[in-house]
1. Inspect the stretch 76-96 for any residue being within 27 Å of THR158 (Cβ to Cβ), in a loop (DSSP other than H, G, I, E, B) and within 41 Å of the chain's Cα centre (by Cα) and give the result as yes or no.
2. Looking only at the stretch 1-43, which residues are touching a residue at least 12 places away in the same chain (Cβ under 8 Å) and closer than 18 Å to TYR95 by Cβ?
3. Please state which one of LEU77, LEU123, LEU57 is within 25 Å of PHE18 (Cα to Cα), of a type in the set (A, V, I, L, M) and either open to solvent by 20 Å² or more (accessible area, probe 1.4 Å) or in contact with a strand residue (DSSP E or B) (Cβ under 7 Å, 6 or more places away or on another chain) (or both).
4. Please specify each residue of the stretch 202-227 satisfying the condition of being among the hydrophobic types (A, V, I, L, M, F, W, C), open to solvent by less than 20 Å² (accessible area, probe 1.4 Å) and either at pLDDT below 75 or farther than 22 Å from LYS316 by Cβ (or both).
5. Scanning the stretch 1-52 for residues that are outside any helix (DSSP H, G or I) and out of contact with any helix residue (DSSP H, G or I) (no Cβ under 7 Å at 6 or more places or on another chain), which turns out most open to solvent (accessible area, probe 1.4 Å)?
6. Pick from the stretch 310-337 the residues that are open to solvent by less than 10 Å² (accessible area, probe 1.4 Å) and not small (Gly, Ala, Ser): which of them is nearest to LEU377 (Cα to Cα)?
7. Counting only residues that are assigned to a helix (DSSP H, G or I) and farther than 14 Å from MET90 by Cβ, which one in the stretch 60-73 is most open to solvent (accessible area, probe 1.4 Å)?
8. Please specify each residue of the stretch 126-147 satisfying the condition of being under 24 Å from VAL68 (Cα atoms) and either open to solvent by 60 Å² or more (accessible area, probe 1.4 Å) or touching a Leu at 6+ places or on another chain (Cβ under 8 Å) (or both).
Amino acid sequence: MQRLYDFIRRHPTGVDSFWAVLLFGFSLLWVAGSDTGSAPKPVAVVVVLLLCLVIALRRRMSEEMVLVAAALGAAQLALDVPVNPADWAMLVIIYSVAANDGARWVRRFALAGGLLAAPLSQLRWPAPEVSTAGRIFYSIIMTVPFALAWVLGDSIRTRRAYFAQLEERAARLEKEREAQAKVAVAAERARIARELHDVVAHNVSVMVVQADGAAYVIDAAPEQAKQALETISTTGRQALAEMRRLLGILRTGEHREAGEYVPQPDVEQIKELVEQVRGAGLTVDFRIEGSPRPLPSGVELTAYRIVQEALTNTRKHGGPDAGASVRLVYFDDGLGLLIEDDGRGAAHEMYEDGGADGRGHGLIGMRERVGMVGGTLDAGPRPGGGFRISALLPLKPAR
C-alpha cells in the first residue's frame, strides 16, 4: 500500500487521467443507451470527452479547467445535452480549485458556478410530474454536493497552509537554535580563554620569578633556593589542576570520575593567592572589611580572578620595589574590591593599551567578568603614581 501511495503522489496527472478514462467509458455507455436530448450523439460525445479532459488536467491547469467546465455547462444548457455521468467533473474541478492556493476570484467563481448548477439544470430539464416546490427542494438537495465539494477543498487548502506555516516556523526555530548554540559556544570559548589567560599569566609569572631567584641564590643560599623550587612545584601543580578543570569542560562527552577536577576558585582562596604572591617577593597588604558570608559562585570566581589579574599586573609591570594592597569589603548588597599598587604608572598604560602582556587582554577580561555578574569596574592610574582597580559586584545581577 505504501508503494502504491508513493506512486500516486509521484504521478498525479497519470492517476487523474486513469479516472478520466474510466469516467469517459461510463459516459459513452450513457450516450449509447440513454436519451441525449435534442443534441446529436456526436455533440454529446464531444461534450462528454471535454468534461473528462477537465478531470485529467485538473491539477496541472486548474484555473483554465474551471473555465472550460463552466463553458461546457453553458453548452449543455444551450445544446440540450442532459445531465450525465461526465458532469461529475464539475464536482471534481470545484473541489480542486478550492483546494489550490490560486487566485481568490477563481475559487469564488467555482463556488458560484456550483451553487447555480442544480437550479439551472432544473430550469432546463425539469423533473416530470413534480410540483414547483418539489423542484425547488430537489434543486437545494442537488446543490449540497457542490457546496460540500467546495468546503472540503477550501478546508484542505487551509490545512495545507497551516502545515506549511508550522514547517516554516519549525525551520525558523531550528535556525534560531543553531544561532543560539553558536553564540553559546562563542561565549564559552571566550570564558575559557579568559580563564586560561588568568591561570597562565599568574602562575607562570610566579614560576619565572621563583626560578630566577633560585638560580641567583642556589650557591650562596641553598635552603632559599630549595624553597623557591618548592614554590615553583606547588604553583605548577595548581596551574595544571586549573587547566585540567578547564579542559574538562570541553570534554563533555567523556566519563569523569568524581573529584577528578578541582572546584573553581572562590573568595576564601584569595588569602592563599596573596600568600603565594608574597612568597614571590611582592609586598601585599590584605584586609577584609565587613562580615564575610556566602556569595554566588559567579561573584566569588570574578572576585578571585580580578585580584589575581591585578597582582599579576603589579608584579610584571610595577617595578622591583612596588607594593600592593588588597581590600575586600562586604556590603549588604554586594562585594567591593580595591586593589592598589605604588608601581610605575607608565607600565600600566602599556598594559591597558596593549603590550607585552597580551595586548590588553587582562583589563578586557576583567570588564567582561564584571559585566557578566552585573557589576561595575573602574581601573586607571592612581594620583601620585601606581595603579588602582576598583570593582563592585552585586549579589543579584541587574535586570
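The values are calculated or read from the model by the stated rules, or taken from the named source; none is laboratory data. Source: prediction; values computed, not measured. Every residue, glycine as well, gets a Cβ built from its backbone with ideal geometry; the counts of neighbours run over all protein chains shown. Protein only, heavy atoms only, side chains kept; ligands, DNA and RNA dropped before computing areas. Shrake-Rupley method; radii C 1.70, N 1.55, O 1.52, S 1.80 Å.
1. Checked against the condition, which is being within 27 Å of THR158 (Cβ to Cβ), in a loop (DSSP other than H, G, I, E, B) and within 41 Å of the chain's Cα centre (by Cα), the stretch 76-96 yields no hits at all.
2. Matches in the stretch 1-43: PRO12, THR13, ASP16, SER17, TRP19, ALA20, LEU23.
3. LEU57
4. VAL206, ALA225
5. MET1
6. If we take residues in the stretch 310-337 being open to solvent by less than 10 Å² (accessible area, probe 1.4 Å) and not small (Gly, Ala, Ser), then LEU337 is nearest to LEU377 (Cα to Cα).
7. Top of the filtered list is GLU64.
8. So the first thing to find is which residues in the stretch 126-147 are under 24 Å from VAL68 (Cα atoms), and the list is 139, 142-147.
MET142, THR143, VAL144, PRO145, PHE146, ALA147, listed by residue number.
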